[in-house]
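Report on the following structure.
Please treat every number below as a calculation from the coordinates, not as lab data. Small disclaimer: the values here were computed from a predicted structure and weren't measured. Virtual Cβ from ideal backbone geometry, glycine too; neighbours counted across all protein chains shown.
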Amino acid sequence: MVSSKLTIFLFIGLLAAFATCISATQFIVGDDYGWTLNFDYQAWAKGKEFVVGDKIVFKYPYGKHNVYKVDGNGFQRCVASATNESLSSGYDVITLATPGRKWYICGIGNHCVSGGMKLVIDVTPQWTPAPTIAPSASFPLAPAPGPSSPLSGNVFMVGDASGWTLNFDYQTWAMGKEFVVGDKLVFKYPAGVHNVYKVNGTGFQQCTTMGSNGALSSGHDVVPLTTPGRKWYICGVGKHCEKGGMKLVIDVLPQSTVSPSPSPWSSYNGAARRLGGILA
């Protein structure tokens, strides 16, 4: 009997490993447009889920463009440092090997600055199943937890002590932070000096108020994160966004809830159904 249960759980583990191995996705950056001038790559990336093990492909005419992987500061300023290596084959395949935020630009002429050839994505870790323990007298199944209570949100002061100001790298500030539905952003600045617009991907890319419902301008603007997805914010005063770097993009995760613990047999049946879907 013990041997049969052990076989079942080993089988489930193999199914999960198999599903993980075949789930990697390849993304052609820009789809049919490829890597080119005057294309909104942040709008292209919106809604896509990039996972460790996936690949992104930069496709363009050989010699016309290139690809640099840079940091947040290089992305903000459209500058590649001497340590950044350029890809220039015309069909550059990049494997997303680690989780976190990744930045890419074209380093030719003003292709990044005025041509919009820049892409930032967030790569999530690859899902792995938790180990399953067979129920026994020594290790009975734990009772299902009761309904979860709403999680209290975190408050993020944008820019921390620097606040909402000129010449600050807000993408580096956001890197590594986890924003969840129910959290709040606080934009702190001297009233009348700056403001805050919530815009769409195109507005963020072009530093315009496209997609906005109006400016916040109190000097202590609290923005609740009420829905999951990508969110874009800019300062709409003068060239504060375009030249001063006052722009922030974040990804908001759904609020997690606690689900009842399934029985080992329901886990086995679920894994079998998923495998059937994969092989169909």
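One table, with the values for the structure above:
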quantity: Theoretical gain in end-to-end length, K46 to Q26 [0.36 nm per residue, Cα-Cα removed]; calculated: 5.6 nm
quantity: Gain on full stretching of the segment that runs from K243 to S89 - 0.36 nm per residue minus C-alpha separation; calculated: 52.3 nm
quantity: Estimated inter-spin distance, A191 and A161, nm [label 7 Å along Cα→Cβ]; calculated: 2.6
quantity: Pairwise centroid distance, computed over Cα atoms, of region 64-95 with region 166-180, Å; calculated: 20
quantity: For region 155-253: relative contact order, % (alpha-carbon pairs under 8 angstrom, 6 or more apart); calculated: 34
quantity: Per-residue Cβ neighbour rank within 10 angstrom, fewest leading, C78, C235; calculated: C78, C235
quantity: Per DSSP, loop chymotrypsin sites (Phe, Trp or Tyr not before Pro) in region 22-96 with at most 16 further Cβ within 10 Å; calculated: Y62
